[in-house]
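A quick write-up on the structure given underneath.
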Amino acid sequence: MFVSEKTVSKHSYNIFNKLGLEPSEDDNRRVLAVLAYLEG
């Protein structure tokens, strides 16, 4: 099975948007997404 980088990027972008995590130069959206998940 092969998943392209573009596909992963697109799905990650959609997940971040659903969590309300807009792109920011000050915050890492991946870290914020994990924190949101852990908070339930």
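For every residue, the table says whether it meets (1) surrounded by 11 or more Cβ atoms within 10 Å (Cβ to Cβ); (2) among the β-branched types (Val, Ile, Thr).
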| site | (1), (2) |
| --- | --- |
| 8 | no, yes |
| 13 | yes, no |
| 22 | no, no |
| 26 | no, no |
| 29 | yes, no |
| 33 | yes, no |
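Scanning the range 12-34 turns up no residue that is modelled with pLDDT of 90 or more, out of contact with any Gly (no Cβ under 8 Å at 6 or more places or on another chain) and basic (Lys, Arg).
Figure legend. Inter-residue proximity from the range 23-37: first residues over 13 Å from residue 12 (Cβ atoms), second residues surrounded by 11 or more Cβ atoms within 10 Å (Cβ to Cβ), beta-carbon distance below 7 Å, spacing 6+ or different chains. Indicated pairs: 36/19.
The values are calculated or read from the model by the stated rules, or taken from the named source; none is laboratory data. A quick note: this is a predicted structure, and the numbers were derived from the prediction, not measured. Every residue, glycine among them, receives a Cβ derived from its backbone with ideal geometry; neighbour counts consider all protein chains shown.
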